[in-house]
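Any read-out appearing in this document is the output of simple, stated calculations on the displayed coordinates, not a laboratory observation. Everything numeric here is computed off the predicted structure, so don't read it as measured data. In this analysis, Cβ positions are derived from the backbone assuming ideal geometry, glycine residues included, and neighbour counts consider all displayed protein chains.
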Ligand code: EPZ
């Protein structure tokens, strides 16, 4: 198994570009299945999760062209679901990513049936799928659990009123996508407002969908018969942007983050500046200076536009370097603070009060260690920890980092980091 070897303590400086948003790309690939015509997606991040979802779509018999005439992987992909030949989602691939569930709706809408296994993905809590099943049922689907698969069928999906008892990002996107081809009007209430949602809705509307209100808690979708083809550019990844801001605060020098959307990480920018980190903001770039003295800032994560749960792990790491005590509260997933154990093994002093609450006692000196990446966002956090730790850090299970960050070691090396991938 490959691993990263990091020699910590280097001051980083220079320019780093943000890649396309993983969580926008995955949903755009799924939405492409609504149309018989060609969708061209550009600025796709070249990461494992995107590869997996494209493999899943290919496995359904949909045409996926990665580069003119070749199978080579680039950041531009053409998807044409002239027909969908299979209605069973691959169990092996679905086990690797939670977002695989997003494919169920368009297949059900186009074919009248779909079989899907329980999706896998990051081990950050229970991650139930009840809100998806409820939504599909409200739209007229029959759901049967048989032989390790959910079998969903509906001769015709119809519009429905769906209130989400919990705000769910992929659930909102799944219902919005599925409702596009349903008969009549669907109203989603208490919907998620993450920036990827209005961007996808806008593009779907350009292709003939009738979606109103995406980006607010109430989304109305009037079903249409046909979705046309088109070209969509994936927006910059806001989690990668935020991770690089924290990287700059921990390891800069001066780091310029290009091709980003500062408004999408407003909650982080507010908090981190209060912590004493100097940031200069441009229209699509940010400059971050390494912080000499970090103030403790208590944090509670929240759905967008609140502080993203995906940025909690690197922020918690930042707080290990703060002068004082920080309370971290992450109510969204119950496993999101488990990685603090690994930080403690490197010298941090974090007390887990319950699955959702931690107290961070700073500042602490971190020492290099051999650790395994438990999930995507914890994985990148341990990598950042390695960059500020004294001595050598080995990070194993780096598939979990490659799932969401494109060739991260090459990009960090350009900033002056001493990190290499050892292939085994
Ligand atoms: C999305 O996950 C992201 N993944 C996650 O990023 C992100 O952490 C999360 O949103 C929160 O922002 C993708 O977009 C692929 P949820 P998602 O449904 O949609 C509960 C990453 O690293 N819930 O908004 O799966 C759930 O347990 C990933 O990029 C139910 O109870 O999250 C959680 O407590 C990790 N029943 C809450 O809702 C359901 O049927 C919010 O989850 C669905 C969700």
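Remark: spin-label model distance residue 11-residue 206 equals 4.4 nm, labels positioned 7 Å along the Cα→Cβ axis.
Taking the chain as a Gaussian network of alpha-carbon nodes connected by springs under 10 Å, the highest mean-square fluctuation of the residues 295, 414, 210 belongs to 414. Remark on the chain: ratio of C-alpha radius of gyration to 2.2 N^0.38 Å is 0.98.
As a test, work out the antiparallel percent of DSSP beta bridges whose residues both lie in the chain, rounded to the nearest 5.
Working: 53 of 75 bridges.
If I count the DSSP bridges inside the chain, around 70 percent turn out antiparallel.
Computed over the chain with a Gaussian network model linking Cα atoms closer than 10 Å, the most mobile of 379, 242, 14 is 14.
Dividing the mean sequence gap of close Cα pairs (under 8 Å, 6+ apart) by how many residues the stretch 1-72 holds gives a relative contact order of 26 percent.
Multiplying the residue separation of residue 111 and residue 258 by 0.36 nm and subtracting their alpha-carbon distance yields 48.7 nm.
On a full-extension model of 0.36 nm per residue, what is the gain between residue 410 and residue 190, subtracting their alpha-carbon distance, rounded to one decimal in nm? Spell out each step's value before the answer.
On the way: separation 220, 0.36 × 220 = 79.20 nm, distance 4.07 nm.
Taking 0.36 nm per residue and subtracting the Cα distance, the gain is 75.1 nm.
On full extension of the chain, what length is gained from residue 216 through residue 365, given 0.36 nm per residue of separation minus the C-alpha to C-alpha distance? Walk me through the intermediate numbers first.
Working: separation 149, 0.36 × 149 = 53.64 nm, distance 4.30 nm.
Result: 49.3 nm gained on full extension.
From the Kirkwood radius over Cα pairs of the stretch 22-233, Stokes-Einstein at 20 °C and 1.002 mPa s returns a whole-number translational diffusion coefficient of 128 µm²/s.
Just for the stretch 22-233, what percent of DSSP beta bridges are antiparallel, to the closest 5?
Values: 25 of 35 bridges.
Of all bridge pairs located within the stretch 22-233, approximately 70 percent are antiparallel.
Put in order of Cβ neighbour count within 10 Å, fewest first, the listed residues 59, 49 become 59, 49.
Here the residues 3, 118, 405, 399, ranked from fewest to most Cβ neighbours within 10 Å of their Cβ, fall in the order 399, 118, 3, 405.
When both the stretch 1-65 and the stretch 162-239 are represented by their alpha-carbon centers, they are found 20 Å apart. Taking 27, 233, 225 in turn, the Gaussian network model of the chain (Cα-Cα springs below 10 Å) assigns the largest fluctuation to 225.
Among 144, 180, a tally of other beta-carbon atoms within 10 Å of each Cβ gives an order, fewest to most, of 144, 180. Taking the DSSP beta bridges with both ends in the stretch 156-311, the antiparallel portion is around 75 percent.
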